[in-house]
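The values are calculated or read from the model by the stated rules, or taken from the named source; none is laboratory data. Here the structure is a predicted model, which means the values were calculated and not measured. Cβ: placed from backbone, ideal geometry, glycine included. Neighbour counts: every protein chain shown.
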Amino acid sequence: MLDKGIIPDKEPIVRVGIHLPQDESSTMTIEFPEPELFEITSNDGPISIQTELNLRVKDGYIDSDQGSNKNFSKLSILRKDQCISLKHGPIIHSVFAGRGFHWQKQIPVQLPGNIIIKIRDGFLFTVNKVPLEQYLMCVATSEMSAKCPGALLETQTIAARSWVLAASEKKHMNLGIDTCNDDCCQRYQGIATLLPEAIKASLSTRGEVLIANERICDTRYSKCCGGRTEDNELVWKTEPNSYLRSVFDGPEDMKIDLSDEGALRSWLKSQYDCYCGPKYVSVDDINKFLGKVDEIDNYHRWSVHYTQKEMVKTISKKTGDRFSSITDLVPMLRGRSGRIVKLRIDGRINKENHSVLLRSEYQIRKALSPDFLYSSAFIIETNSSKDKGQSEFTLHGAGWGHGVGLCQIGALGMALANHDSKSILSHYYQSSALIRIYD
Ligand SMILES: [Zn+2]
Ligand SMILES: [Zn+2]
């Protein structure tokens, strides 16, 4: 596994979780378009490969539909020759994309590298061991379409490389993997959609990472900041990071502080010169350039409306407090991007007043939507023309995601306006330097 604080001097192997125990997968199908390129061994001996292999969990072991009736606990799918072209690879079916989000679905993924399948917590646990640069080629096209301008793919590749090597988050350390295949870490959907542009972006930036204070930068990114990025410590309650400061996402630094409610209100109604706004990236461009599993919408500015009944149902379900009415949503603290990081929900349970305090942008986005709200940078309009207990709510918001670090739609806007990857990276990660750590 990759270690936090260690800068590798040669290309490392990354362990990527494909099926996690939390997916509760108890069956899986693997297709082998070219079975002769691989060998499969289990801890019970080799397995002959046909074009398809079906596995299932049986009595705590893995059972296969190929030959031997014996059960095993570990299966390795190894490439006979690691140098064979990237386009060959087994296809694993029913892999989760967008786990827990409103766009969650199951997709087939074709994988480079080697694949290890084990049992963990009673379910199938699949790990892909892949050289870092091959992993990055797949991340670049999974996060964004390969039709994107070259500068954007290079930017995305350097950010993804730095993030994985910084290894700051380690969200799945208990599973012994460096990263998972999904939005929780970085979106990785294998080689099926890999195009020459993504391979080129990896080759032309091979080994390049952002460095600050002699460490590889923890290069966070999100889909759309909404016009101003957020300070990292407000989103994750970590130490402030010099290269993850809130920046205005446009060519001119408008010294606008959206933690002020009034400033945010007028900001949401105005058209500023923002890289992630329609002047640089039209909604049609977003559709054309975003990765395949995203829904199409205008994430720079959005609104959602809830009736009293919808609000009560959603908040009660998400917070576990069984409200009979919701009377108000009160922002208690905002960051400079306008994101609310502390919100009080006022209402009644039966006839008693009751309040809940949400203490992070993540909790807020989760609680105020049946799925997941695009961002917590919103203002609240309460329709008070009706009875107080019957108020309806409209949220007018900006951006999609936590808003810290690089704004992917803004980076696209910069690339479309002919900025190169170095200038895009230094715009979002100020006070960082780009260096090459291996050839
Ligand atoms: Zn993850
Ligand atoms: Zn932006």
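Quick notes on this structure:
- Exactly one residue out of 203, 194 is at pLDDT 90 or above and either touching a helix residue (DSSP H, G or I) at 6+ places or on another chain (Cβ under 6 Å) or more than 30 Å from residue 342 (Cα to Cα) (or both): that is 203.
- Residue in the stretch 218-237 that is away from ligand 1 (no atom under 16 Å from the Cβ), hydrophobic (A, V, I, L, M, F, W, C), in a strand (DSSP E or B) and touching a residue at least 40 places away in the same chain (Cβ under 8 Å) present: yes
- Some residue of the stretch 357-371 being within 16 Å of ligand 2 (Cβ to nearest atom), of a type in the set (Lys, Arg) and out of contact with any Lys or Arg (no Cβ under 8 Å at 6 or more places or on another chain): no
- Filter result (surrounded by fewer than 22 Cβ atoms within 10 Å (Cβ to Cβ), closer than 12 Å to residue 159 by Cα and among the hydroxyl-bearing types (Ser, Thr, Tyr)) within the stretch 413-431: 426
- Residue under evaluation residue 204, criteria (1) over 21 Å from residue 419 (Cα atoms); (2) among the polar types (S, T, N, Q); (3) surrounded by fewer than 23 Cβ atoms within 10 Å (Cβ to Cβ), criterion not met: (1)
- Checked against (1) over 19 Å from residue 355 (Cβ atoms); (2) out of contact with any Asp or Glu (no Cβ under 6 Å at 6 or more places or on another chain), residue 250 meets all criteria but (2).
- Residue match in the stretch 190-212 (condition: of a type outside the set (D, E, K, R), within 30 Å of residue 121 (Cα to Cα) and in contact with a His (Cβ under 9 Å, 6 or more places away or on another chain)): yes
- Residue 161 surrounded by fewer than 18 Cβ atoms within 10 Å (Cβ to Cβ) and either within 16 Å of ligand 2 (Cβ to nearest atom) or at pLDDT 95 or above (or both): no
- The residues of the stretch 384-412 that are outside any loop (DSSP other than H, G, I, E, B), crowded, with 24+ Cβ neighbours inside 10 Å and of a type in the set (A, V, I, L, M, F, W, C), listed by number, are 400, 404, 406, 407, 409, 411, 412.
- The stretch 120-150, residues that are more than 25 Å from residue 20 (Cβ to Cβ) and either among the charged types (D, E, K, R) or buried (at least 23 other Cβ atoms within 10 Å of the Cβ) (or both): 147, 148
- Residue in the stretch 173-184 that is surrounded by the most Cβ atoms within 10 Å (Cβ to Cβ), counting only those that are within 18 Å of residue 12 (Cα to Cα) and within 19 Å of the chain's Cα centre (by Cα): 181
- Residue match in the stretch 194-210 (condition: under 19 Å from the mean Cα position of the chain (by Cα), closer than 12 Å to residue 404 by Cβ and more than 16 Å from ligand 2 (Cβ to nearest atom)): no
- Within the stretch 166-181, none of the residues are free of Cβ contacts under 8 Å to residues at least 40 places away in the same chain, more than 16 Å from ligand 2 (Cβ to nearest atom) and in contact with a helix residue (DSSP H, G or I) (Cβ under 9 Å, 6 or more places away or on another chain).
- Members of the stretch 390-406 that are more than 16 Å from ligand 1 (Cβ to nearest atom), of a type outside the set (S, T, N, Q) and in contact with a helix residue (DSSP H, G or I) (Cβ under 7 Å, 6 or more places away or on another chain): 392, 393, 396, 398, 404, 405, 406
- Residue match in the stretch 287-306 (condition: modelled with pLDDT under 95, hydroxyl-bearing (Ser, Thr, Tyr) and buried (at least 19 other Cβ atoms within 10 Å of the Cβ)): yes
Matching residues to (1) aromatic (Phe, Trp, Tyr); (2) farther than 23 Å from residue 321 by Cα; (3) out of contact with any His (no Cβ under 9 Å at 6 or more places or on another chain):
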site	(1), (2), (3)
390	no, no, yes
394	no, no, no
411	no, yes, no
416	no, yes, yes
421	no, yes, yes
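- Among all positions in the stretch 182-195, there is no residue which is more than 24 Å from residue 289 (Cβ to Cβ) and in contact with an Asp or Glu (Cβ under 6 Å, 6 or more places away or on another chain).
- Considering residues of the stretch 22-79 that are basic (Lys, Arg) and in contact (Cβ under 8 Å) with a residue 24 or more places away in the chain only, the residue surrounded by the fewest Cβ atoms within 10 Å (Cβ to Cβ): 70
- Output for the stretch 206-249, where each listed residue is of a type in the set (S, T, N, Q) and over 14 Å from residue 338 (Cα atoms): 213, 219, 222, 238, 241, 242
- The helices (runs of 4 or more DSSP H) found entirely in the stretch 91-206 that carry 2 or more residues being within 30 Å of residue 239 (Cα to Cα) and within 14 Å of ligand 1 (Cβ to nearest atom) are 132-143, 150-166.
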